[in-house]
Amino acid sequence: MALLSVDDLKVSFVGRAGVTRAVDGISFTVEKGQITAIIGESGSGKSVACYSLLGLVPMPPGRIDGGRALFEDRDLLAMSERELREVRGRDIAMVFQDPMTCLNPYLRIGEQLIEPLVYHQRVSKDEARKRALELLEEVGIRDPATTIDNYPHEFSGGMRQRVMIAMALINEPKLLIADEPTTALDVTIQAQILRLLADLQKKHDIGVIFISHDLAVVADIADQIAVMEKGRIVEHGNRQKIFHGAEHPYTRKLLAAIPAGSRPAPEANGDVLVDVQRLRTWFGDPAAPVKAVNDVSFSARRGEVLGLVGESGSGKSTIGRSLLRLAPVTGGSICFDGTELTGLEGRALKAMRRRMQMIFQDPFASLNPRMTVYDTLAEPLLLHRIANRRSVEEKVLKLMDDVGLARAFVRKYPHEFSGGQRQRIAIGRALATRPDFVVADEPVSALDVTIQAQILDLMLELGKEYGLTMLFISHDLAVVRHIADRIIVLFRGEIVEEGTGQQLFEAPQEDYTRRLLDSIPGRGLLA
Amino acid sequence: MERFIALRLLQAIPVILAVITVTFFLVRVAPGGPFDSEKAVIPEVKAALERQYRLDLPLLQQYTAYLGDLAQGDLGPSFKYPGRSVNELIAAGLPVTAELGLYALLVAVLIGGSAGIFASLKPNTAQDYLPMAAAMIGICMPTFLLGPLLVLVFGIHLEWLPVSGWGDIPGDKLLPSITLGAAYAAYIARLSRAGMLEVLNQDYIRTARAKGLPEWQVVVKHALRGGLIPVVAFLGPAFAGLLAGSFVVETIFQIPGLGRFYVQAAFNRDYTMILGTTVFLSTLIVLFNLASDILAAWLNPRLRHQFGSSR
């Protein structure tokens, strides 16, 4: 008897534009003590399906059109709100994607932790606190006795996710629904959280639904995998079958999207375009500075894609911004095509900026929501006098062709595009000035894996076409290997290792590099 | 934090100085003076009076002399109430005005806050539209119209409440407080609705629901604190505005508060009284703004560390 068995679940959204079927008759089961993964791109209906089981989809606009969801012989879909509330947080708990926004910033974590216990089991606050301390210890929070009274902002992302997990487990639920629990985290932290989830799941013998857009993430932990596309489950099976005997083309597409393989060794010709010597960015009190970037030296040849890998806080973004003079530099030199950039001001700096552009991580935040694609792409062209009023339209349309956006979209606003399309717009904007050098700061981290692969390919292709030199910044070694000719590994503001993708993957010299390699999800299974 | 407060207080000095300067010269531009009246005054007497109140000196000298007195906390003598200083007159009127302002603020927060929260729970339904439409009317309706209307209905037609006075008959404080607070209630309703709507869409509210908490606990425990921060930030300017803007209500209901002194002083060309009240009120506005900014920052744990301790 399965712990949860969902049968022919259908969920729709009723809007002004009519009825949209988000979940179209899906069936799956979750066994006690097993992990069932639901994999699909954003918009595939995987989250809606799971939220609707617990009544967490606002109705209206949501609507359950049919199906059954038997949890311990009771149909969740037929329960009243009151009955469902009893199940929620007690028998079925949830962990959400973004630990930054999912904890209440105004309440101490202790208060938030004990809430489900106090409410569902009528346990006294003191007793609940004792249990909370034990759990915090168990999920690996250091010094719980003091940190339990901290506010969420005093924790890092990974630590917050541990708190979320402790909160979900405090009532010893029978089923845990984890919605993209590691997507917002660095790969190294992701590896830790995945291990923690798998350990706790075994220890407490609970059933888990693990929702993700990335097959690789669940490669090591899932027992059953259901692949969802456009509201339907297109393929379903155990881990072995999905990874080694996938039949549906969509599953194969997902597998192919997992970044793997290095580029062939680069031809070492071309002169040095960017030369960075002993770059240093220190913040704060000069007596005891925070050394964000500490004496980093590297260079990039013309046409080369240089990868910069490190965790959050390693200083990789600061380096990227320093090169474009968007962040303060406390020491060292940055030489771009023979010109020293560190002292440059005014007109000379503007002229240099035309030749150097940046692509940011979050295509939702980095585009001005009140500007159409046309405005966004035309602005740099006009600002740097690359086009005049008459020629600008032709140039904008050409850019749209280059980045693979239909010309018909030219008058649309950013919110009308998907994440991948927005990143295409951002790339178009960066390329508008025909730069020699582009800094791409985590350009694919906010995207689904399938979209990731498309954007990476686009960047490689355009890099060649435009003759670009690129600094590609990411926390994910697998992604960097896919695109970079040479990789620099950064740790706490200093370079620990440098080499081609092949060198780093096959013969890493440093412990830290090995740790990064071990963090790549599903490495064992996919290798 | 101390630095922030000190900086804000320093910034306030030029603001208040500008207020003093503009007011000082503006009242002098107005035709007439404090000792002009229908009855002719003997020139010698008028000259003596002007000498006594330093009005015979050149204007610039009067200005510097006034600033000198002000630096010592002396707002000068009233021109119209012989023998009484402006300090005394303000001290006499302030308690009444402050009490009126406090009640009005209470009305505004209770009615406005609950209407706003109520509306935010079911956005874009009748539960949202009705209180918000009422709030819109509240904002548009001027005090001098609302006051007499309330008096007509509750005082004269229904004969439920007294029509004027302050503290003489039981219940006479009710109508003035509501009249003064109404516009602010409307504003607070809109602020709290917007604040609550924003918070209710946050991910952490979904987390609270996923814990199985009943909806009222989700709202009270998880949403209110964040949602009402904009309201808290508004309380300071609101209270200062209530004090400074109470003269219409005080006139309608015959209340012996600061506002009536203020208006009378303007008619009487009681220069020191006008200046004194203006300086006093503008100082209050600066202080209340600062106080509510500090309170709003303190309510936010991410900003609270500025107060020296994170717990």
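Every number in this text was worked out from the coordinates using simple rules, so none of it is lab data. This structure is a prediction, so every number in the text was calculated from the model and none was measured. Counting neighbours? That spans all protein chains shown, and the Cβs are built from the backbone with ideal geometry, glycine included.
In this structure, the amide hydrogen of A:GLY331, modeled 1.01 Å from its nitrogen in the peptide plane, lies closer than 5 angstrom to those of A:ARG280, counting only residues at least 5 positions away or on a different chain. The range A:56-94 and the range B:173-242 have Cα centres separated by 30 Å.
Share of Cα-Cα pairs in chain A beyond 46 Å, in percent? Don't skip to the answer; put the middle values down first.
On the way: 24783 of 138601 pairs.
That tail contains 18 percent of the Cα-Cα pairs.
Go ahead and estimate [θ] at 222 nm for chain B from helices alone: -39,500 (n - 2.57) per DSSP H run with n ≥ 4, summed, over the residue count, rounded to 500.
Details: 15 runs with 210 residues, N = 311.
My calculation for chain B gives -22000 deg cm²/dmol from helical runs alone.
Between the beta carbons of A:LYS203 and B:ARG304, assuming R0 = 41 Å, the FRET efficiency works out to 0.65 to the nearest 0.05. Ignoring lysines fewer than eight residues from B:LYS211 along the same chain, the ones with Cα atoms less than 25 angstrom from its Cα are A:LYS10, A:LYS32, A:LYS46, A:LYS125, A:LYS130, A:LYS174, A:LYS202, A:LYS203, B:LYS122, B:LYS221. Taking every residue in B:107-117 and counting other chain Cβ atoms within 10 Å of its Cβ, the average works out to 0.
Neighbour counts of C-beta atoms inside 10 Å place A:MET358, B:MET141, A:MET1 in the sequence A:MET1, B:MET141, A:MET358, starting with the fewest.
Within chain B, what's the longest stretch lacking GluC sites (Glu not before Pro) that sit in DSSP loops with no more than 15 other Cβ atoms inside 10 Å? Counting only loop sites that pass the neighbour cut-off, the longest clear stretch is B:160-311. Secondary-structure-derived ellipticity at 222 nm for chain A, considering helices only, amounts to -10500 deg cm²/dmol, per-run term -39500 (n - 2.57) for DSSP H runs with n ≥ 4.
Kirkwood Rh over Cα pairs of chain B into Stokes-Einstein at 37 °C, 0.692 mPa s: D in µm²/s?
Numbers: Rh = 22.4 Å.
Reported coefficient: 147 µm²/s.
Treating r as the C-beta distance of B:ALA134 and A:GLU72 and R0 as 45 Å, the FRET efficiency rounds to 0.40. Between A:ASP295 and A:ALA260, the contour length at 0.36 nm per residue exceeds the alpha carbon distance by 9.4 nm. Size descriptors for the range A:129-271 (Cα atoms only): Rg and Dmax, in that order, 19.0, 64 Å.
Kirkwood Rh over alpha-carbon pairs of the range B:151-285, then Stokes-Einstein at 4 °C and 1.567 mPa s: what D in µm² s⁻¹, rounded to an integer? Each step should come with its number before you reach the end.
Working: Rh = 18.0 Å.
D, rounded to a whole number, is 72 µm²/s.
Mean partner shielding of peptide A:84-97, defined as the number of other chain Cβ atoms within 10 Å of each residue Cβ, is 3. Relative contact order, whole percent, for chain B stands at 25, derived from Cα pairs under 8 Å and 6 or more residues apart.
Express in nm, to one decimal, how much length is gained between B:THR21 and B:GLN264 on full extension, taking 0.36 nm for each residue of separation and deducting their alpha carbon distance. Spell out each step's value before the answer.
Working: separation 243, 0.36 × 243 = 87.48 nm, distance 2.10 nm.
This chain segment gains 85.4 nm when fully extended.
Near A:ASN150, the amide H atoms lying under 5 Å from its own belong to A:ILE109, A:GLY110; only residues 5 or more places off or on other chains count, and H is placed 1.01 Å from N. Sparse packing (at most 15 other Cβ atoms within 10 Å of the Cβ) combined with a DSSP loop state is found for the following trypsin sites (Lys or Arg not before Pro) in the range B:14-75: B:LYS39, B:ARG54.
FRET efficiency for the A:GLN277 to B:ASN87 pair, using the beta carbon distance and R₀ = 56 Å, is estimated at 0.20. For the range B:194-210, the Karplus equation 6.51 cos²θ - 1.76 cosθ + 1.60, evaluated at θ = phi - 60°, returns couplings of 4, x, 5, 4, 5, 5, 5, 8, 6, 4, 6, 6, 4, 4, 4, 5, 5 Hz by residue, with Gly and Pro reported as x.
Highest-first packing order for the peptide set A:254-260, A:176-182 is A:176-182, A:254-260, based on the mean count of other beta carbon atoms within 10 Å.
Positive contributions from Lys and Arg (+1) and negative ones from Asp and Glu (-1), summed over other residues with Cβ under 10 Å from the Cβ of A:LEU254, come out at -3. Mean partner shielding of peptide B:194-206, defined as the number of other chain Cβ atoms within 10 Å of each residue Cβ, is 3. With the simple spin-label model, which puts each label point 7 Å out from Cα in the Cβ direction, the A:ASN238 to A:ARG385 separation comes to 7.0 nm. The length gained by stretching the chain between A:LEU349 and A:GLU510 to full extension, at 0.36 nm per residue less their Cα-Cα distance, is 54.1 nm. Derived value for the range A:448-527: Kirkwood hydrodynamic radius 13.7 Å. Basis is the mean of 1/r over every pair of different alpha-carbon atoms.
Which three numbers, in whole Å and largest first, are the semi-axes of the equivalent ellipsoid of the range A:36-80 derived from its Cα gyration tensor as √(5λ)? Before the final figure, lay out the partial values.
Working: eigenvalues 72, 45, 12 Å².
Over the Cα atoms of the range A:36-80, the ellipsoid semi-axes are 19, 15, 8 Å.
Please check which bits of the range B:212-249 a label hung off B:LYS122 would reach, taking the label as a point 7 Å along Cα-to-C-beta and the cut-off as backbone N under 16 Å. So the set is B:215-216.
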